[in-house]
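All remarks here apply to the structure that follows.
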Amino acid sequence: MIDKIYNFAKKYNMFSYGDEIICGLSGGADSVCLLLTMYNLRERLGITISALHVNHCLRGTESDRDEQFCRNLCERMGIHFTAVACDVKGYAEKNSLSCEESARKLRYDIFSRYSVGRKIATAHNADDNLETVIHNLIRGTALKGLSGIPVVRDNIVRPLLAVSRREIEEYLSEVGQDYVTDSTNLTDDYTRNKIRHRIIPLMREINGSLTETSVRSIDSLRSENSLIETEVDETIKKCSDNGIFRGLSEYNEVIRHRCISRLLSTNNFPVSNKRITECDDILINGGKLNLSHDIYFISDGKTAEIKKITHEKTEFISKDLEIGENIIFSDSKLICEIIECDSFMKFDYVNKKLTFFVLDYDKIKGRAVVRNRKYGDRIKLKGRNFFSSVKKLINEKIPEPQRPFLHFIEDSEGTIFAENIGIAQRVAPDNNTKRLLKIYAVKN
C-alpha cells in the first residue's frame, strides 16, 4: 500500500523536495494511516512532517480523548504536534449552518492559518471520494462534481485518495497500530453517513469491487475535467482583460459556462446551473442580469462583465384608467377595450393563443387606475388562493431591463392586473361575465 501511495503522490506532483507537510490528524484510522505512511515515506519524498489536530468540542470527553490519543502518538514517533480547539456549535448557530458544514469550515480555516508556507495533507481515501461523488450527484452536479475530491488544491494534498478504507484498516492491523472511533460516524445523523451506511452497501451488492472500480472511473473523469480546466485557463487568458470578457460568446458552451462560473466565484457570488445558464443567455444575446442589489452581469453580445449599476429612483406614476389608450411611459402604452362576452367567446374559439389579458370589467371595484410598480405590491393571481409578492413574480418572469416599465391596474381593493404576469382571481371571468376588459401593451 505504501508503494501505491508513493506512486499516486508522484503522479500528481504532490510534493517537492524540502516540503514541510502538516498531516491533519483526527485520531481515526484514515488520519493515523496518513501520518504513518507519510512518516515512512519522508526520506523517499524528501519531506519533513508534523501533525495538526482540530478539536471540534462536539463530543465532550470523547473529543478530549481523541486529542490526547493524537498527542501520545506523535510523542512516541517524535513528530511535532499542535492541537487547536474551536466552537463548532456556536459558529453553526451564529451563521445558520449545520454542525457538519460548520466543522468543515472551521477545520479548513485552521488548516489555512497554520500552514502558511507549508502543505497540508488530509486523509481522504477512495471510499470518501466515492461518497462525495454520490453526494454531488444526489444534489445535482456536472463533470467537475463527478471528478470527486481534488487531489491537489492550493496547498492541500490528499495522498490516500487511491486507497480504500479496507486497505487502510488492513495496513494498521499489520503494523499493530490502534486508532480511535468517532461515535458520530456510526450514526445516520449526517447525509454522508446515510450514503456510507445505506446507499454504498446496496451498490456493493451489485459490484463487489465498487471502490476499486470507482478509483479508475473518477481518475478518468478527473483527467477529462483537467483538460477542460486547462482550456478554460487559456480562454480566460485570451478573452479576459481586468474582468471584462471579449469574444467569449464565440467559444463552445462548455467553455463559456466554466468561464462564467469562474467569474461568479471570483466575485463571491453563488454558482448554480440556473445562474450560469441565465448569464450565458445574456452573454450571447445581450442584456443584464441582476446578481445582488445593484450588481449586474451585463453584456452587449460582444463583451461581458460584472458591474455595479446605480439606478435613479423611479418616479411613481398613476392615472385614471381609460378605455382606449393609457400612456404613462414614453415608449409604450396600455390599450384597454371592452368586449361583449359573446363576441369574445367567438373570438377565443378562433384564436386559441391569446396575446392579451382579459378580466371581468363589472368586477372592478370603485376607481380604477393604471400605474407603474410600487413598493410592496402584492396580487392574488387567477387560479391561486394566496397572495404573491409582485417583486418575486417579476424576478422569476420578467427580464431585468423591462421591469421598471411594466403597467399595473388597481381598483379600490388592490392590484387587479400586472403586465406579463396576470390578473387577480377576484376579477377573473366566469359563467356570469357579461363584459370583458381586454388589456394589452404596445410599443409607441
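The values are calculated or read from the model by the stated rules, or taken from the named source; none is laboratory data. What you are looking at is a predicted structure, and each value in this text was computed from that prediction instead of being measured. When we count neighbours, we look across all protein chains shown, and the Cβ atoms used for this are built from the backbone with ideal geometry, even at glycine. The area values use the complete protein model at the heavy-atom level, side chains included, leaving out ligands, DNA and RNA. Shrake-Rupley method; radii C 1.70, N 1.55, O 1.52, S 1.80 Å.
Return yes when residue 245 is more than 21 Å from the chain's Cα centre (by Cα) and either open to solvent by 70 Å² or more (accessible area, probe 1.4 Å) or not polar (S, T, N, Q) (or both) and no when it is not.
Details: more than 21 Å from the chain's Cα centre (by Cα): yes; either open to solvent by 70 Å² or more (accessible area, probe 1.4 Å) or not polar (S, T, N, Q) (or both): yes.
Here the answer is yes, as residue 245 does meet what is asked.
For the range 248-257, name all the residues that are out of contact with any Gly (no Cβ under 8 Å at 6 or more places or on another chain) and either closer than 19 Å to residue 296 by Cα or open to solvent by less than 40 Å² (accessible area, probe 1.4 Å) (or both).
Just the residues of the range 248-257 that are out of contact with any Gly (no Cβ under 8 Å at 6 or more places or on another chain), to begin with: 248, 250-257.
Selection gives 248, 255, 256, 257.
Quick test of your reading of the structure: residue 239 fulfils all but one of (1) surrounded by fewer than 18 Cβ atoms within 10 Å (Cβ to Cβ); (2) in contact with a helix residue (DSSP H, G or I) (Cβ under 7 Å, 6 or more places away or on another chain); (3) among the hydrophobic types (A, V, I, L, M, F, W, C). Name the failing condition by number.
The failed condition is (1).
Looking only at helices (runs of 4 or more DSSP H) that fall completely inside the range 181-282, which ones have 3 or more residues that are among the aliphatic types (A, V, I, L, M)?
Working: elements: 191-194, 200-206, 210-239, 253-266.
Here the list reads 200-206, 210-239, 253-266.
Return the total of residues in the range 405-423 being within 32 Å of the chain's Cα centre (by Cα) and either modelled with pLDDT of 95 or more or of a type outside the set (Gly, Ala, Ser) (or both).
The qualifying residues number 5.
Condition (residue is in contact with a strand residue (DSSP E or B) (Cβ under 7 Å, 6 or more places away or on another chain), polar (S, T, N, Q), open to solvent by less than 20 Å² (accessible area, probe 1.4 Å) and under 27 Å from residue 2 (Cβ atoms)) applied to the range 74-84: is it met by at least one residue?
no
On the given criteria, is residue 157 open to solvent by less than 40 Å² (accessible area, probe 1.4 Å) and out of contact with any Leu (no Cβ under 8 Å at 6 or more places or on another chain)? Can you show your working first?
Values: open to solvent by less than 40 Å² (accessible area, probe 1.4 Å): yes; out of contact with any Leu (no Cβ under 8 Å at 6 or more places or on another chain): yes.
For residue 157, the condition - open to solvent by less than 40 Å² (accessible area, probe 1.4 Å) and out of contact with any Leu (no Cβ under 8 Å at 6 or more places or on another chain) - is met.
Does residue 132 satisfy the condition of being farther than 23 Å from residue 6 by Cβ and hydroxyl-bearing (Ser, Thr, Tyr)?
Yes; evaluated as a whole, the condition is true for this residue.
What are the pairs, 6+ residues apart or on separate chains, where a residue within the range 316-339 that is on the phi > 0 side of the Ramachandran plot and modelled with pLDDT of 90 or more has its Cβ under 7 Å from a residue that is surrounded by 11 or more Cβ atoms within 10 Å (Cβ to Cβ) and assigned to a strand (DSSP E or B)?
Hits for this filter: 324/336.
Counting just the residues of the range 99-113 that are in contact (Cβ under 8 Å) with a residue 40 or more places away in the chain and open to solvent by 40 Å² or more (accessible area, probe 1.4 Å), which one comes out farthest from residue 153 (Cα to Cα)?
Residue satisfying both the conditions and the ranking: 99.
List pairs: first residue in the range 428-444 and touching a residue at least 60 places away in the same chain (Cβ under 8 Å), second residue of a type in the set (Phe, Trp, Tyr) and open to solvent by less than 40 Å² (accessible area, probe 1.4 Å) anywhere in the structure, Cβ distance under 8 angstrom, at least six positions apart or on different chains.
436/344; 438/344; 438/356; 439/356; 439/417; 440/356
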